[in-house]
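The values are calculated or read from the model by the stated rules, or taken from the named source; none is laboratory data. Predicted model only: the values in this text are computed from it and were never measured. Counting neighbours? That spans all protein chains shown, and the Cβs are built from the backbone with ideal geometry, glycine included. These area figures cover heavy atoms from the full protein model, side chains too; ligands, DNA and RNA do not enter into them. Shrake-Rupley method; radii C 1.70, N 1.55, O 1.52, S 1.80 Å.
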Amino acid sequence: MDRVMRLASQRAVVVFSLSSCCMCHTIKRLFCDLGVNPAIHELDEDPNGKDMEGALTKWLGCNPPVPAVFIGGCLVGPTDRVMSLHLRGKLVPLLRDRRSYLALMILRPWRQKTSHRSLSYGYGLLLLLSLPVWAR
């Protein structure tokens with residue numbers, strides 16, 4: 001449990017996952033589509049994965065316990081809770097409140113304008129001085 005909590009608090013968004021789980025893939029894809037770069041811990045590829053999976057099973061009360069999503073070091077839950085938040089429009093505000101969006105420098109296609117300047121379309125390394133309008 002201590003290892004899970006330590007890993008969960010190291011980044012703004014943390015996903016405990018299994019590499020062969022389709023629901024885990026869905027959650028990872030959702031966060032990537034939202035512009036979030038979560039820390040992903042594949043339990044089946046970690047030497048201590050079985051112990052962490054056992055701790056998550058006790059904590060969540062479900063089996064399998066993945067994906068288990070932590071935002072700002074707090075447990076949000078498995079797929080159903082994350083998708084419920086997203087469908088109700090509460091996931092983005094939660095991410096924004098926990099300041100989980102966007103590092104200062106990103107490499108990705110950018111097709112939106114920020115309030116302080118117009119950014120070029122296409123690929124490139126962008127230095128973002130503020131959050132984009134949609135993330136405020």
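Working only within region 7-32, note down all residues that are touching a Lys or Arg at 6+ places or on another chain (Cβ under 7 Å) and more than 12 Å from VAL66 (Cα to Cα). Break it down stepwise before answering.
Initially, region 7-32 is screened for residues touching a Lys or Arg at 6+ places or on another chain (Cβ under 7 Å), giving 12, 15, 17.
Result: ALA12, single match.
Residue check: ARG98 meets all listed conditions (1) open to solvent by 60 Å² or more (accessible area, probe 1.4 Å); (2) modelled with pLDDT under 90; (3) touching a Ser or Thr at 6+ places or on another chain (Cβ under 6 Å) but one, namely (3). Counting the residues of region 40-58 that are touching a helix residue (DSSP H, G or I) at 6+ places or on another chain (Cβ under 8 Å) and either open to solvent by less than 20 Å² (accessible area, probe 1.4 Å) or under 16 Å from ASP2 (Cα atoms) (or both) gives 11. Can we say GLY61 is at pLDDT below 90 and open to solvent by less than 60 Å² (accessible area, probe 1.4 Å)? No; evaluated as a whole, the condition is false for this residue. Scanning region 1-33 for residues that are open to solvent by 90 Å² or more (accessible area, probe 1.4 Å), in contact (Cβ under 8 Å) with a residue 40 or more places away in the chain and within 11 Å of the chain's Cα centre (by Cα) yields no hits at all.
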